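Asker: For reference, the structure I am asking about is given below.
Derivation of every value follows stated rules applied to the coordinates shown; laboratory data play no part. Computed from a predicted structure; not experimentally measured. Because the Cβ atoms are built from the backbone with ideal geometry, glycine has one as well, and the counts that use them run over all protein chains shown.
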């Protein structure tokens, strides 16, 4: 992936090819994706491979996710906290299965300055071990439960060779929740509560349809009893995991001695969960909704929901800008994020810029509009325009409703794309053909680790998840013939 030149120098030319997208999404998804995230000023590459700089235009999206998610989890009684990013090796080794699952991904600190440290320090690939060392001190009685904490932090995982900004990076931002309960029933209730919140984040903020379900034994989180996930599908034929919610059971509590006296005065071990969603979700939104012009922002996460482009001439500049500011002030009262682009670029250049950056609505207003009493509105998601009366209150009511309509229409488009991509079949040969045709398959699978490896060798696909509400019909595995339930499979990131 190559860097693009800096665009801070202004130009009064109408030629926009220097900022435009030069490849089609359908023809070269990778290059298209690279161009839209760079040219729309979402990220910049950092000096270390796999570590990106998240620019304000993208970080604003993450702030919307934080605000939404914090509100949802605090209703459940979850509190935010923060734990160190450096984990002593002796702590990291306490839960064997967990360590084996993450060992290839761990980056280690071995020196402080020029001095060799007495013990290696892991840079957190996830925080179970560092957090649970404290949990064992804080949990003594059933009265100390439940303990429900979340932290917003960065993570480092070093296991791959070809990073893709947002989608697969060595360092990323996320939240990770870690909770402890007195009973399995309480823990299992929360697993699904959090999974449903993740689905809400994707559907109600990002307008992205998802598959909710339980991961296979082969794909579950290292050290978990089971893992639930939300997944989706890109138009390039690859599936991608968005977020996970794990029932850890008592595996970690026994390893870390997170024990308590229950109501009967007997020693018991806590039932634990962990769950997380990351900045990968931003990349997923971009890949789902973007088009050949660039980014298409869902209104609820768009840093700028409406851009007003004044058509400026010297003799009418003050009148036009006054009306633009009047409209901005009224929209702002309705909590709409508005920007007036009164820069000295020509209008055509501005139109292309804001289309590429994905702003949901563009309002064009010039001296002719003031005379006619009407103005033009352009909608990014479906590339349509309309002309309406210029009355400020009418315009405000109209576009506020349109922002909501746009969200629902984008979600409907995403839902249709996901449904159209799913095909059922009854043979490995058909499964291989469907996967090669860049689709998802929904097939009976026995959930055996060796069988899943065999399916992957034959088709190139791995399991995504199985429905939370399985069918009760008797099914046989598409590969080995053993009793099975329906799973989604596909090529994936």
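Asker: Extending each Cα 7 Å along its Cβ direction at residue 116 and residue 333, get the distance between those two points in nm, one decimal.
Answerer: 7.1
Asker: With a 10 Å radius around each residue's Cβ, average the other Cβ atoms per peptide and rank 445-454, 73-82, highest first. It would help to have the intermediate numbers written out before the result.
Answerer: On the way: 445-454: 17.7, 73-82: 14.3.
Put in order of decreasing packing, that is 445-454, 73-82.
Asker: Between residue 450 and residue 391, what's the calculated FRET efficiency when r is the beta-carbon distance and R0 is 56 Å? Round to 0.05. Show your work: numbers first, answer last.
Answerer: Details: r = 69 Å, r/R0 = 1.22.
So the FRET efficiency works out to roughly 0.25.
Asker: Obtain the nm distance between the two label points defined at residue 322 and residue 476 by a simple spin-label model: each point lies 7 Å from its Cα along the Cα-to-C-beta direction.
Answerer: About 8.2 nm, to one decimal.
Asker: Counting only Cα, what are the radius of gyration and maximum Cα-Cα distance Dmax of the chain, in Å?
Answerer: For the chain, the Cα radius of gyration and maximum Cα-Cα distance read 25.5, 85 Å.
Asker: For a quick protection proxy, order the peptides 211-222, 142-153 by their average other-Cβ count within 10 Å, most packed first. Provide the component values of the computation, followed by the final result.
Answerer: Values: 211-222: 20.4, 142-153: 17.6.
Descending mean neighbour count gives 211-222, 142-153.
Asker: Right, something else. In nm, to one decimal, how far is the residue 41 label point from the residue 429 one, both placed 7 Å along Cα→Cβ?
Answerer: Taking the simple label geometry, residue 41 and residue 429 are separated by 5.6 nm.
Asker: Could you tell me the distance between the Cα centroids of segment 223-298 and segment 428-477, to the nearest Å?
Answerer: Centre-to-centre (Cα) distance: 22 Å.
Asker: Now for a different question. Taking R0 as 22 Å, what FRET efficiency do you get between residue 105 and residue 217 from their Cβ-Cβ distance, rounded to the nearest 0.05? List each step's numbers first, then the result.
Answerer: On the way: r = 20 Å, r/R0 = 0.91.
E between residue 105 and residue 217, to the nearest 0.05, is 0.65.
Asker: Would you mind calculating the relative contact order of segment 425-490 from Cα pairs under 8 angstrom and at least 6 residues apart, reporting the percent as a whole number? Show your work: numbers first, answer last.
Answerer: Numbers: 117 pairs, mean separation 28.1, N = 66.
Computed over segment 425-490, the figure is 43 percent.
Asker: At a temperature of 10 °C and a viscosity of 1.306 mPa s, determine how fast segment 410-482 diffuses translationally according to Stokes-Einstein, using the Kirkwood radius over alpha-carbon pairs as Rh; express D in µm²/s, rounded to the nearest whole number.
Answerer: On the way: Rh = 13.2 Å.
My calculation gives 120 µm²/s for D.
Asker: I would also like to ask the following. Divide by every residue of the chain the summed helix terms, -39500 (n - 2.57) for each DSSP H run of at least 4, and state the resulting mean residue ellipticity at 222 nm, rounded to the nearest 500 deg cm²/dmol. Mind dumping the intermediate values first?
Answerer: On the way: 14 runs with 168 residues, N = 493.
Taken over the chain, the calculation gives -10500 deg cm²/dmol.
Asker: For segment 306-417, just say rounded, prolate or oblate: build the C-alpha gyration tensor, square-root its eigenvalues into a ≥ b ≥ c, call rounded for a/c under 1.5, and beyond that prolate if a/b exceeds b/c, oblate if not. Don't skip to the answer; put the middle values down first.
Answerer: Values: a/c = 2.07, a/b = 1.55, b/c = 1.34.
Here segment 306-417 falls in the prolate category.
Asker: Could you give the length gained by full extension between residue 313 and residue 168, i.e. 0.36 nm per residue of separation minus their alpha carbon distance, to one decimal place?
Answerer: Values: separation 145, 0.36 × 145 = 52.20 nm, distance 4.69 nm.
Value of the extension gain: 47.5 nm.
Asker: Just to be sure I understand: of the beta bridges DSSP finds with both ends in segment 55-209, what percent are antiparallel, rounded to 5?
Answerer: Values: 19 of 21 bridges.
Among the beta bridges of segment 55-209, antiparallel pairing accounts for roughly 90 percent.
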